[in-house]
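The values are calculated or read from the model by the stated rules, or taken from the named source; none is laboratory data. The structure displayed is predicted, hence computed values, not measured ones. Here the Cβ positions follow ideal geometry from the backbone for every residue, glycine too, while neighbour counts run over all protein chains shown. Quick note on the areas: whole protein, heavy atoms, side chains included, nothing else; ligands and nucleic acids left out. Shrake-Rupley method; radii C 1.70, N 1.55, O 1.52, S 1.80 Å.
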Amino acid sequence: MKQDQEAAAEVQLVTFRLEQEEFALDINQVREVLRMAPVTLLPQSAHFIEGVINLRGEIIPVIDLRKRFELPPKERDEQTRIIIVEIEEQKVGLIVDLVTEVLRLPSEAIKPPPERVVNVQNDLIRGIGKIEKRLLIILNLTKILDAEEKIALREVIPGVE
Amino acid sequence: MEEYEDLFLAETQEYLQNITQCLLALEKDLDDEHLEAMFRAAHSLKGMAGTMGYELITDLTHEMETLLDKLRRGEIALETECVNLFLEAVDLIQLLVDNLHRQDDFRPQVSALSKKLLAWQRVAGGEKTPGTFSPQQEMEGAEKEPNGRERDIAWQKMLSAFEKETLKEALLKGEETYQVYIRLRQGSLLKSVRAYMVLKALEKEGEIVKAWPSLQALEEESFDREFFLLLVGMPRVGALKETLEGIVEIEKVEISPVKLDEDSPASVESVDGAGLEKESPGTLPGKGLSPPGHVVEKTVRVETAKLDSLVNLVGELVINRTRVLELGKMARDTALENALEQMEMITTELQNAVMTLRMVPVRQVFDRFPRMVRDLSLEKNKKVELIISGKETELDRTIVNQMGDPLVHLLRNAIDHGLEEEEERIKKGKEPLNTIYLRAQHEGSHVVITVEDDGRGIDPEAIKQKALVKKMISVREAEEMGPAEVLQLIFQSGLSTSREVTDISGRGVGMSVVKTEIEALNGTVEVESRPGWGSRFILRFPLTLAIIRTLMVQCGQEVYAIPVEAIQENLFVEPKEIRTIRQERVISLREEVLPFYFLQELFGSGSSPVQEYYPVVVVRAGNKKAGLAVDALLGQQEVVIKSLSRFVNELRGIAGATVLGDGRVTLILDIAGLLEDRRLNLGKKSVDH
């Protein structure tokens, strides 16, 4: 009972790192976290779609979040992870540099996104979480995966192939 | 309630389909069997809608039932207008079913139609003859409308367990049950003698299971002037009726089939059998010990999602089996290998068994067509007969569900453009009636569906001219093309040969859409025609979509699977054999010149290394062919097709993906899409190799 009440005022987040920034996803949208797996390339798909992987027989598209956010590419290493998220009954993998932790954050610690944060498009961000000195960029998953958003991003950022 | 909604929807579809079928059959030939069947369907529908609280559907079906009852008693003739009215009701119910949560929106339509139905009942009108009474009605104090189902249930209720057993045995022998209704003349004397003569006549044709009033009452003359008998056997109904009518003092004879089945949901309805003798099973002879009328169910309804998941899991199992077999071989343990071999056999059988679960008869789609053809032919005022065969041919559920649209299009096309006016046909010495054949049949691992009409056919010259005008082909191409090739042009967009654009077809986009839809199902379509004598469209579909045979090819780092269906042959090509015509590479294959591509370039993932020989897969989709160069051919394999996520599924040239034995995902090529899309990509890439 007590937990329920707390849960209402709290958000549980999975945090991960890309470049120097720390990002977070609502834990309700996260299904599991995998080590880097062999990816089959998808020709002619959006540039940030890395390809597809086999998750226990299910074929799941994988997005390279670095590419999604126009960050420079980085070698995959021991720490590279695929976060499997599920939205609208579709599973999608997100490739990130490193998954840091799972934490609880009081709702009031989440502020609306400022005009422009790092190199990330504004509407991709749900809010900014603050714990002590850390700033967490909480992502708006639907926007990240939105097919129309893909086009929008292409239009916004010139030079995208 | 919501959990029953799916079931309700599924069953409603069936009932509506039944009603439509019966109607169309009745329109041709008014027979009791179809009337009864239609009545039952309408009644069941009413019952279900009532239980679920869909009041508008209940109202409509009730009116249908009442009107049907009049038909059944011969008070009205089934005129086209009346059939239309019924069909209108079916459509409206369909509409209500499709919009279960917005019932009230349709209230005005329902009440308008109800009025029309009611008006027909009045047309039928007339006074209510005593002959319309049924035991049911008598028993219930004539409160309810007489109706067949309730009458049947009333009979059911009256039967003792022993009588039911007798009936069941008779039914097993293929005998049928009839209600015989007899009415004597007013003031008739010696009623018991008349009754006796009736019984005698009946006994020649079958067995009298039950009488109402009872046989004793008939003997003692303690009845008014009508009685009902339940006859089981194989009577010659017409002859029997004549005999009975020949008996002096008999005013009216009615013989109608009765359906007694205990397991139907309708019989659960509370029909209060007031005044009926109740039998306790204990007093019955041995036969009655088992619960009467318990019939083992032959089918079970399963949610399609569950089926799909089962098919998927078995697919997984098969893939995993390959991996286990490989491991087993490495272990070099004979006992293990034997066990694995056994497992391989069982899983193969399991896979086959599960695949059949996905198969459904094409009837599910074909049954829609008689109604459609009827409506269209009335509208176009062209007389046509639709002859359907091979309805029970089974195909993958996905294909059956999706082949409806292209078939509708082909049929409409046939009616709109193919069919001729009666005078035109007579002049040509053809039968006055147009015929459209719709056939389904197996052909190897395919199902072939043909839509054929005996109308005016397609004139290749007209198509050629049109294609020239639209600049779809050059004058030279036109000269070189044979009639068969010219015909295939109708599948290209922008070409329509109809003289007029109607609301049905003729906008010049139709056939290309048909082709795309069929190819999306891994099918192919061809057309044949004899000008003046008709056309034939031949559709070929694979039996199943879930598992296909593919050729694995290596291409750079990736392995792709090419459906064997789309492969004509494999060959090796030396670089010097590749020529360039108008900036496009081609190779020669016997007499043909084929476009030639490096698969890797088509996918924009770099160019292939220069090799002494290129392995080339000659692929075809419809009438398009091409040579695809790959790095290596890896051999054939059966794969389970999985769809890509909808976030990425608009990829042209990719039909889906599959998981190989080693767990890697391999893309399955969609050759038709690839060949159509190729220019888009090639245009961007440099073509120097």
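Overview of values
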| item | result |
| --- | --- |
| Filter result (at the interface with another protein chain (Cβ under 8 Å from one of its Cβ atoms) and either under 16 Å from the mean Cα position of the chain (by Cα) or surrounded by fewer than 16 Cβ atoms within 10 Å (Cβ to Cβ) (or both)) within segment A:26-50 | A:Pro38, A:Ile49 |
| All positions within segment B:185-208 that are assigned to a loop (DSSP other than H, G, I, E, B) and open to solvent by less than 60 Å² (accessible area, probe 1.4 Å) | B:Ser188 |
| Failed item in (1) open to solvent by less than 90 Å² (accessible area, probe 1.4 Å); (2) of a type outside the set (Gly, Ala, Ser); (3) closer than 30 Å to B:Leu172 by Cβ; (4) modelled with pLDDT under 80, with B:Met359 passing the rest | (4) |
| Selection from segment A:13-25 of residues that are more than 10 Å from the chain's Cα centre (by Cα), over 11 Å from A:Gly129 (Cα atoms) and in a strand (DSSP E or B) | A:Glu21 |
| Count of segment B:211-224 residues which are open to solvent by 20 Å² or more (accessible area, probe 1.4 Å) and either part of a helix (DSSP H, G or I) or in contact (Cβ under 8 Å) with a residue 60 or more places away in the chain (or both) | 4 |
| Helices (runs of 4 or more DSSP H) lying entirely in segment B:78-155 (those with 1 or more residues that are at pLDDT 80 or above) | B:80-98, B:107-124 |
| Odd one out for B:Gly444, checked against (1) free of Cβ contacts under 8 Å to residues at least 12 places away in the same chain; (2) surrounded by 19 or more Cβ atoms within 10 Å (Cβ to Cβ) | (2) |
| Exclusive hit being out of contact with any His (no Cβ under 9 Å at 6 or more places or on another chain), crowded, with 21+ Cβ neighbours inside 10 Å, more than 14 Å from every other protein chain (Cβ to nearest Cβ) and modelled with pLDDT of 85 or more, set A:Ile82, A:Ile95, A:Ile63, A:Ile59 | A:Ile95 |
| Elements of type strands (runs of 3 or more DSSP E) contained in segment B:536-587, each with 1 or more residues being in contact (Cβ under 8 Å) with a residue 24 or more places away in the chain, within 35 Å of the chain's Cα centre (by Cα) and closer than 28 Å to B:Gln441 by Cβ | B:547-555, B:558-563, B:567-573 |
| Any hit, segment B:584-607, residues being within 17 Å of B:Glu565 (Cβ to Cβ), open to solvent by less than 10 Å² (accessible area, probe 1.4 Å) and more than 14 Å from chain A (Cβ to nearest Cβ) | no |
| Residue among B:Glu385, B:Glu379 that is in a strand (DSSP E or B) and either exposed (fewer than 15 other Cβ atoms within 10 Å of the Cβ) or out of contact with any Phe, Trp or Tyr (no Cβ under 7 Å at 6 or more places or on another chain) (or both) | B:Glu385 |
| Matching residues in segment B:318-354 - criterion: being within 14 Å of chain A (Cβ to nearest Cβ) and either small (Gly, Ala, Ser) or touching a helix residue (DSSP H, G or I) at 6+ places or on another chain (Cβ under 6 Å) (or both) | B:Val318, B:Arg321 |
| Residues of segment B:473-492 classified as open to solvent by 50 Å² or more (accessible area, probe 1.4 Å), closer than 26 Å to B:Glu519 by Cβ and among the hydrophobic types (A, V, I, L, M, F, W, C), total | 1 |
| Residue that is in contact with a Pro (Cβ under 7 Å, 6 or more places away or on another chain) and either on the phi < 0 side of the Ramachandran plot or hydroxyl-bearing (Ser, Thr, Tyr) (or both), where the choices are B:Glu601, B:Glu584 | B:Glu584 |
| Residue check for A:Gln20: surrounded by fewer than 20 Cβ atoms within 10 Å (Cβ to Cβ), polar (S, T, N, Q) and either over 21 Å from B:Gln600 (Cβ atoms) or at pLDDT 90 or above (or both) | yes |
| Which listed residue is open to solvent by 20 Å² or more (accessible area, probe 1.4 Å), on the phi < 0 side of the Ramachandran plot and in contact with a strand residue (DSSP E or B) (Cβ under 8 Å, 6 or more places away or on another chain), from B:Val618, B:Val553, B:Val564 | B:Val564 |
| Unmet criterion (only one of (1) of a type in the set (D, E, K, R); (2) surrounded by 20 or more Cβ atoms within 10 Å (Cβ to Cβ); (3) more than 20 Å from the chain's Cα centre (by Cα)) for B:Asp396 | (3) |
| Residue under evaluation A:Pro72, criteria (1) touching a Phe, Trp or Tyr at 6+ places or on another chain (Cβ under 7 Å); (2) away from chain B (no Cβ under 14 Å), criterion not met | (1) |
| Segment B:402-458, residues that are modelled with pLDDT under 85, out of contact with any strand residue (DSSP E or B) (no Cβ under 7 Å at 6 or more places or on another chain), assigned to a helix (DSSP H, G or I) and closer than 13 Å to B:Ser377 by Cβ | B:Asp416, B:Glu422 |
| Test for A:Glu21: is it among the acidic types (Asp, Glu) and more than 14 Å from chain B (Cβ to nearest Cβ) | yes |
| Residues of segment B:313-355 classified as modelled with pLDDT under 80, open to solvent by 50 Å² or more (accessible area, probe 1.4 Å) and of a type outside the set (Lys, Arg), total | 4 |
| Selection within segment B:7-66 - in a loop (DSSP other than H, G, I, E, B) and more than 25 Å from B:Ala77 (Cβ to Cβ) | B:Gly53, B:Tyr54 |
| Residue list for segment B:654-670, filter: touching a residue at least 40 places away in the same chain (Cβ under 8 Å) and facing chain A (nearest Cβ under 7 Å) | B:Val659, B:Gly663, B:Arg664, B:Thr666, B:Leu667 |
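Residue by residue, here is whether (1) free of Cβ contacts under 8 Å to residues at least 12 places away in the same chain; (2) touching a Lys or Arg at 6+ places or on another chain (Cβ under 9 Å); (3) in the same structural domain as B:Tyr437 (by TED's automatic domain parsing); (4) aliphatic (A, V, I, L, M) holds:
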| site | (1), (2), (3), (4) |
| --- | --- |
| B:Ala353 | yes, no, no, yes |
| B:Val365 | no, no, no, yes |
| B:Phe369 | no, no, no, no |
| B:Lys380 | no, no, yes, no |
| B:Val384 | no, yes, yes, yes |
| B:Ile388 | no, yes, yes, yes |
| B:Lys391 | no, yes, yes, no |
| B:Arg397 | no, yes, yes, no |
